[in-house]
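Chemist: Dumping the structure here so I can ask a few things about it.
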Amino acid sequence: MKAHGKKAITIVTGCLGSGKTTLLQHILKEPSINNNTAVIVNEYGKIGLDHHLLRQAEERTILLKGGCICCNSRADLEEELKELLYADESGESPFERVVIETTGMADPSPILFTILTNPLLQHRYIVDCVITTVDAKNGMLQLQNNPEIIKQITVADKIILTKTDICSPEEHDAILTHIQSLNPSCVIIPAVYGKVDPFIIQEASNVDRLKVIHSLPSPVTHPNSNVSSISFSFSQPLDWTAFGLWLSMLLHANGEKVMRVKGMLDVGEDGPVVLNGVQHIIHPPQHLKQWPSHNRESYLIFIVRDIDTALIERSLKTFQQFLHTVATTCELTTIY
Amino acid sequence: MCILCGEFIMQVHWTDYTDSTDTEITVGNQQRIRQRSRLHRANLCNQLLSHYRLTLEEWNGSKFILRDAKGNAEIVHDLGTIWHHVEAMIGYPIDPLDGSLLDKITERSSAQ
């Protein structure tokens, strides 16, 4: 992700007991990461158990006061990030990256909102990557019982499938299929005891791993939830101004229900525009200098809640006269 | 900060980001491209806003002015705020998924 001198932020989220801390413990053992990474742990309740487990990061770990990160501590997170900036610029403890570990029940979108809209933070930090840990053994149960995990999965750029050593192949396949259908654009990485490549906390550019299948148009609806997804591909470069008009209007009217929008769009420039949004929040779109792969497919994914995807399809196809392109409903699969 | 009106602009709307890594546009440099894109945006908005009997006018490369047929006018900074002003003027929510709006757009394009 283009940083322009901004400090990168990695958000680690996931259900209670899904292995966030174990993952972070492993990642922070890597000396090159540990030396220049600050960690903000969002402790739930009074006992900072997670904090004491993260020994490697103890010096720079700041406990947020006030419980859940999304409900009470938005200002706290803002303050902590500002204090970290002060510590960095005063030379007290320089760092390049911040890892924010959320509570198991946290909705990650207020964190993105705080960072992307705060007048100071938006110029000094960039959200580089959102990682969600999903328990392969109990994931299906959690998906049924905890609605917040659906939000955490849809927001993720990378999903770490934990406890793959103790789950059965059926459980593994079931959760994998479910995650892929909930968030077709994420990278899924299996892990045992949090052992993964520590550098996964960097860079969320997984856009070239997607493959557009034109022959199988199918809006996907998920059992046990009112979440559904739809993908489009575009045959010609689209008018970026007109697209901005349509999407800003859509998010204004239905932002809370659009859980995720992600796309790589050919707008007639040398490279594509990478679009990434969560509810009302759209990351500053990246205008790439060139296409990341030979596959110059332009695509757009919507993951929505309580919206009939057929309506989105109809609206986009009606607006395509402004977009100067032809949108086709398609299916996206991740290439491994 | 806007040097004309003194408005403190806290947020750059995502639709205003360009492929340029420059954070400032100096007079003359890319000015024409920027102005052309603002006029294009106003033109596209007008095609849509005509369904609500509203118009949008580009103003000095700085703001947009939203007007209704009764002479009411609102200064609009970007696409992040325009829809709030549109709803305030017409008195009901707008939605691009609204079937009647889509019908009107289709009807007009087939008539052309």
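The values are calculated or read from the model by the stated rules, or taken from the named source; none is laboratory data. Values in this document were obtained by computation on a predicted structure and should not be read as measured data. Cβ coordinates were reconstructed from backbone atoms using ideal geometry, including for glycine residues, and neighbour counts include every protein chain displayed. For the accessible areas, the whole protein counts, side chains as well, though only heavy atoms, and no ligand, DNA or RNA atoms are used. Shrake-Rupley method; radii C 1.70, N 1.55, O 1.52, S 1.80 Å.
Chemist: What is the residue count in the stretch B:92-103 for residues that are open to solvent by 80 Å² or more (accessible area, probe 1.4 Å) and either more than 10 Å from chain A (Cβ to nearest Cβ) or at pLDDT below 90 (or both)?
Modeler: The qualifying residues number 1.
Chemist: Can I ask one more? Quickly run through the stretch A:275-286 and pick out the residues that are in contact with a strand residue (DSSP E or B) (Cβ under 6 Å, 6 or more places away or on another chain) and surrounded by fewer than 20 Cβ atoms within 10 Å (Cβ to Cβ).
Modeler: A:Gln286
Chemist: Another question, if that's okay. Where in the stretch B:15-112 are the helices (runs of 4 or more DSSP H), entirely inside, with at least 1 residues that are more than 24 Å from A:Gln320 (Cβ to Cβ) and not aliphatic (A, V, I, L, M)?
Modeler: Working: elements: B:31-49, B:79-90, B:99-111.
So the answer is B:31-49, B:79-90.
Chemist: So for the stretch A:239-257 (the condition being within 11 Å of chain B (Cβ to nearest Cβ), part of a strand (DSSP E or B) and out of contact with any Lys or Arg (no Cβ under 8 Å at 6 or more places or on another chain)), does at least one residue qualify? It would help to see each step written out before you state the result.
Modeler: Residues of the stretch A:239-257 that are within 11 Å of chain B (Cβ to nearest Cβ), as a first pass: A:239-255, A:257.
If we keep only those that are part of a strand (DSSP E or B) as well, we get none.
Taking every residue of the stretch A:239-257 in turn, none turns out to be within 11 Å of chain B (Cβ to nearest Cβ), part of a strand (DSSP E or B) and out of contact with any Lys or Arg (no Cβ under 8 Å at 6 or more places or on another chain).
Chemist: Go through the stretch A:261-274 residue by residue and tally those that are within 12 Å of another protein chain (Cβ to nearest Cβ) and either under 18 Å from the mean Cα position of the chain (by Cα) or open to solvent by 10 Å² or more (accessible area, probe 1.4 Å) (or both). Let's see the steps before the verdict.
Modeler: Within the stretch A:261-274, the first condition is being within 12 Å of another protein chain (Cβ to nearest Cβ), and the residues that meet it are A:261, A:267-274.
Applying the additional criterion that residues be either under 18 Å from the mean Cα position of the chain (by Cα) or open to solvent by 10 Å² or more (accessible area, probe 1.4 Å) (or both) yields A:261, A:267-270, A:273-274.
Going through the stretch A:261-274 one residue at a time, the tally reaches 7.
Chemist: Next question, about the same structure. Any idea which of B:Asn43, B:Asn29, B:Asn60 is open to solvent by 60 Å² or more (accessible area, probe 1.4 Å), within 14 Å of chain A (Cβ to nearest Cβ) and either among the aliphatic types (A, V, I, L, M) or farther than 21 Å from B:Glu87 by Cβ (or both)?
Modeler: Values: B:Asn29 fails: within 14 Å of chain A (Cβ to nearest Cβ); B:Asn60 fails: within 14 Å of chain A (Cβ to nearest Cβ).
None of the other options fit; the residue is B:Asn43.
Chemist: Any residue at all in the stretch B:83-90 that's in contact with a strand residue (DSSP E or B) (Cβ under 7 Å, 6 or more places away or on another chain), within 12 Å of chain A (Cβ to nearest Cβ) and either on the phi < 0 side of the Ramachandran plot or in contact (Cβ under 8 Å) with a residue 60 or more places away in the chain (or both)?
Modeler: Yes: one or more hits.
Chemist: Determine, yes or no, whether A:Asn254 is modelled with pLDDT of 80 or more, under 19 Å from A:Ile188 (Cβ atoms) and open to solvent by 10 Å² or more (accessible area, probe 1.4 Å).
Modeler: Numbers: modelled with pLDDT of 80 or more: yes; under 19 Å from A:Ile188 (Cβ atoms): no; open to solvent by 10 Å² or more (accessible area, probe 1.4 Å): yes.
No.
Chemist: Mind checking which residues of the stretch A:177-187 are in a helix (DSSP H, G or I), touching a residue at least 24 places away in the same chain (Cβ under 8 Å) and surrounded by fewer than 21 Cβ atoms within 10 Å (Cβ to Cβ)?
Modeler: A:His178, A:Gln180, A:Ser181
Chemist: I would also like to ask the following. Can you find even one residue in the stretch A:43-57 that is modelled with pLDDT under 80, under 14 Å from A:Ile100 (Cα atoms) and of a type in the set (A, V, I, L, M, F, W, C)? Outline the logic, then answer.
Modeler: First, the residues of the stretch A:43-57 that are modelled with pLDDT under 80: A:43-57.
Within this subset, residues satisfying the condition of being under 14 Å from A:Ile100 (Cα atoms) are A:43-44, A:50-51, A:54, A:57.
Imposing the further condition that a residue be of a type in the set (A, V, I, L, M, F, W, C) reduces the set to A:54, A:57.
The answer is yes; a qualifying residue exists.
Chemist: May I pose another question? When only residues in the stretch A:299-314 that are surrounded by 22 or more Cβ atoms within 10 Å (Cβ to Cβ) and not aliphatic (A, V, I, L, M) count, which is farthest from the chain's Cα centre (by Cα)? Spell out how you get there, then give the answer.
Modeler: Within the stretch A:299-314, the subset surrounded by 22 or more Cβ atoms within 10 Å (Cβ to Cβ) is A:299-300, A:302-304, A:312.
Subsequent filtering for residues that are not aliphatic (A, V, I, L, M) retains A:299, A:302.
Working: A:Tyr299: 17, A:Phe302: 13 Å.
Top of the filtered list is A:Tyr299.
Chemist: Return the pair list, or none, for Cβ contacts closer than 6 Å from residues in the stretch A:188-200 that are under 17 Å from A:His172 (Cβ atoms) to residues that are open to solvent by 20 Å² or more (accessible area, probe 1.4 Å) and of a type in the set (Asp, Glu), at least 6 apart or on different chains.
Modeler: Close Cβ pairs satisfying both conditions: A:Val192/A:Asp165.
Chemist: When the stretch B:10-45 is examined, which residues are found to be among the acidic types (Asp, Glu) and either closer than 15 Å to B:Val76 by Cα or at pLDDT 75 or above (or both)? Spell out how you get there, then give the answer.
Modeler: Step one: list which residues in the stretch B:10-45 are among the acidic types (Asp, Glu), which gives B:16, B:19, B:22, B:24.
Correct list: B:Asp16 only.
Chemist: I'm trying to understand the selection: among the residues of the stretch A:275-307, which are away from chain B (no Cβ under 11 Å) and either part of a loop (DSSP other than H, G, I, E, B) or hydroxyl-bearing (Ser, Thr, Tyr) (or both)? Steps first, please.
Modeler: First, pick out the residues of the stretch A:275-307 that are away from chain B (no Cβ under 11 Å): A:278-279, A:290-303, A:305-306.
Matches in the stretch A:275-307: A:Gln279, A:Gln290, A:Trp291, A:Pro292, A:Ser293, A:His294, A:Asn295, A:Arg296, A:Glu297, A:Ser298, A:Tyr299, A:Asp306.
Chemist: On to the next question. Can you tell me which residue in the stretch B:67-79 is nearest to the other protein chains (Cβ to nearest Cβ), limited to those that are in contact (Cβ under 8 Å) with a residue 24 or more places away in the chain and under 18 Å from B:Gln47 (Cα atoms)?
Modeler: Step by step, filter the stretch B:67-79, then rank; the result is B:Leu79.
Chemist: Restricting the search to the stretch A:141-176, which residues are modelled with pLDDT of 85 or more, open to solvent by 60 Å² or more (accessible area, probe 1.4 Å) and in a helix (DSSP H, G or I)?
Modeler: Passing the criteria: A:Pro169, A:Glu170, A:Asp173.
Chemist: Name the residue, out of A:Thr103, A:Thr114, A:Thr132, that is under 28 Å from A:Ile179 (Cβ atoms), part of a strand (DSSP E or B) and of a type in the set (Ser, Thr, Tyr).
Modeler: Values: A:Thr103 fails: part of a strand (DSSP E or B); A:Thr114 fails: part of a strand (DSSP E or B).
Going through A:Thr103, A:Thr114, A:Thr132 in turn, just one is under 28 Å from A:Ile179 (Cβ atoms), part of a strand (DSSP E or B) and of a type in the set (Ser, Thr, Tyr): A:Thr132.
Chemist: What residue, of A:Ala310, A:Ala242, is out of contact with any Leu (no Cβ under 7 Å at 6 or more places or on another chain) and modelled with pLDDT of 85 or more?
Modeler: A:Ala310
Chemist: Also, I was wondering about something else. Given the criterion touching a helix residue (DSSP H, G or I) at 6+ places or on another chain (Cβ under 8 Å), hydroxyl-bearing (Ser, Thr, Tyr) and farther than 30 Å from A:Leu176 by Cβ, identify the matching residue among A:Thr241, A:Thr329.
Modeler: Values: A:Thr329 fails: farther than 30 Å from A:Leu176 by Cβ.
Of the residues listed, the single one that is touching a helix residue (DSSP H, G or I) at 6+ places or on another chain (Cβ under 8 Å), hydroxyl-bearing (Ser, Thr, Tyr) and farther than 30 Å from A:Leu176 by Cβ is A:Thr241.
Chemist: Shifting gears a bit: Any residue in the stretch A:259-279 that's in contact (Cβ under 8 Å) with a residue 12 or more places away in the chain: show its pairings with residues that are of a type in the set (S, T, N, Q) and not in a loop (DSSP other than H, G, I, E, B) at Cβ separation under 6 Å, as long as the two are six or more apart or on different chains.
Modeler: A:Met259/A:Thr154; A:Arg260/A:Thr154; A:Lys262/A:Asn276; A:Leu265/A:Ser298; A:Asp266/A:Ser298; A:Val274/A:Gln286; A:Val278/A:Ser109; A:Gln279/A:Ser109
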